[in-house]
Amino acid sequence: MDEILMGAAAVVIGLIVSWFLMMAMLNNRSKRAKKESEIIVREAQTEAEAIRKEKELQAKEKFIQLKSDYDRKVNEHNLKMQNAENKAKQREIAINHQQGDIQRKQKELDAIRVNLSAQMDLLEKRNHESEKLHKQQVEKLQTIAGMSGEEAKNMLVESMKAEAKTQAEAYINETLDEAKMTASKEAKRIVLQTIQRVATETVVENAVTVFNIENDEVKGRIIGREGRNIRALEAATGIEIIVDDTPEAIILSGFDPVRREVARLALHQLVTDGRIHPARIEEVVLKVQKQVDDEIIETGKRTAIDLGIHGLHSELIRMIGRMKYRSSYGQNLLQHSRETANLSAIMAAELGLSVKLAKRAGLLHDIGKVPDDEPELPHAIFGMKLAEKYKERPEVSNAIGAHHDEVEMTSLIAPIVQVCDAISGARPGARREVVESYIKRLKDMEDLALSYPGVMKTFAIQAGRELRVIVGSDKINDSEAERLSADIARKIQEEMTYPGQVRITVIREVRSVNYAK
């Protein structure tokens, strides 16, 4: 029982203490609120007093101006009175001579005095009106001062914010429009100037090489007894040697240009020497392979020197030399890389970027196409890995890997190399395709776009560099048409192989047709 009483007493004491604490907190808050309100009231009174004094000062200035006008008029009147008195004096002198005019002159003076009295009354009335107007202005100022300073400040701030926001939006829109127009014009100028400053040439390579001979007797010596010489030559070079009825010519067929060059040089030495047998063939082929390897390295070094590129790894120099014997769609790879390097250097100079890095990245951008062991990787990715392996700068490696958008661009050199690669590959006469594969590629492109719902017709034009897609206006709206264009572009990029770039244009039109009968 005692424990219960003690617990109850503790609860009561706790409640009492809590009540006192709460009252103390409320008292402190009320005091703080009262102080804040007094501060606000004092600030408002101070600001109102300042406004009142300013308006009183303005009223005083107005009164001083009115008083100045009054004094000026009084001075003018005094001057008039003085003139009148002078006239009166003259008249008084004249009275001595003309007694009959004295009364008339006296009346004139009385009239002048009456007029002066009337003017004085008018001035007093105007002074009274001025005092009354001053009182009214003071009352208006007091009424205006009844608005709190914070309210007046907020009204002014909101007005200025709205005006500044409108002006800022107009300035931003104007700046963006001007920037877009300037950027588009400048980009066109740079591209056109870059193309005009690079001399291009058309190079078409085939999968066969024609070896000319003096007479058909040499064909028999090349074939050898029971064809042993030609078999030894094919085994040593890996090239198919076609000896047919073509006069004074032997055809060397093979997909590898380096092998065809080795076979051609070996045949030339064998025919010139006259000793053609299997042992001699193997000896000459080995010797020619060494010569071709040396020429590849020399070509790589000469290319780097011509372009002013220094510090390349020896393996990269060898790969650059091998580009001479590679082609892409009939375009010589070394010529394409040199052209891309020159274009990139010119464009980088126009944009104020590093010319050396741009030229280096342009020369090495297709380095992934010429390795001895070709992995199952896109040539851009493999070229980037090679550049990283041989300690090239990160900007150069990224430009190599990103020139087909297979990795993200991290420097301004990368888009320059991508654009210059497209310019070099897309110019007229740079590349060619077999007719059958060309037609098949265009047909596959049209079929790919036609597979999307809502597509009615597709047309591949401009040698496959543009795909026009006609859609039904009742099946696809404008936003869906834009999305369809992006989807087709992405699918073509993922599933098809093509030179340069393909422009996808989705056309959606509404036709209203009626007939007058």
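The values are calculated or read from the model by the stated rules, or taken from the named source; none is laboratory data. Just so it is clear, the model here is predicted, and its values are computed rather than measured. Glycine also receives a Cβ, built like all others from the backbone with ideal geometry; neighbour counts cover every protein chain displayed. Remember, those area values only see protein heavy atoms, side chains included, never the ligands or the DNA or RNA. Shrake-Rupley method; radii C 1.70, N 1.55, O 1.52, S 1.80 Å.
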Just to verify a number: what accessible area does ASP405 come out at with the full protein assembly present, 1.4 Å probe, Å² rounded to tens? 90
Quick query: amide H of ALA249 versus all other amide H atoms, modeled in the peptide plane; which residues come in under 5 Å with a sequence gap of 5 or more or a different chain? ILE213
Give, in nm to one decimal, the length gained when the segment between HIS97 and ASN127 is fully stretched (0.36 nm per residue of separation minus the Cα-Cα distance). 6.3 nm
Once amide H atoms are placed 1.01 Å from N in the peptide plane, what residues at a sequence separation of 5 or more from ILE504, or on another chain, have their amide H within under 5 Å of its amide H? LEU467
Just to make sure I understand: if all protein chains stay in place, what is the order of ARG260, ARG503, ARG221 by accessible area at 1.4 Å, largest first? ARG503, ARG221, ARG260
Taking Lys and Arg as +1 and Asp and Glu as -1, residues besides ARG280 with C-beta under 11 Å from its C-beta add up to -1
Classify segment 238-370 as rounded, prolate or oblate, taking a ≥ b ≥ c as the square roots of the eigenvalues of its Cα gyration tensor: rounded when a/c is under 1.5, otherwise prolate if a/b is larger than b/c and oblate if not. prolate
Take each of the peptides 65-73, 308-316, 32-40, average the number of other beta-carbon atoms within 10 Å over its residues, and list them starting from the highest. 308-316, 65-73, 32-40
Solvent-accessible area per residue for segment 453-517 at a 1.4 Å probe radius, Å²? 72
Can you tell me the order of 7-20, 479-492, 333-346 when each peptide is scored by its average per-residue count of other Cβ atoms within 10 angstrom, highest first? 333-346, 479-492, 7-20
Amide H contacts under 5 Å for MET456, restricted to residues at least 5 apart in sequence or on another chain and with H modeled in the peptide plane, are ILE470, VAL471, GLY472
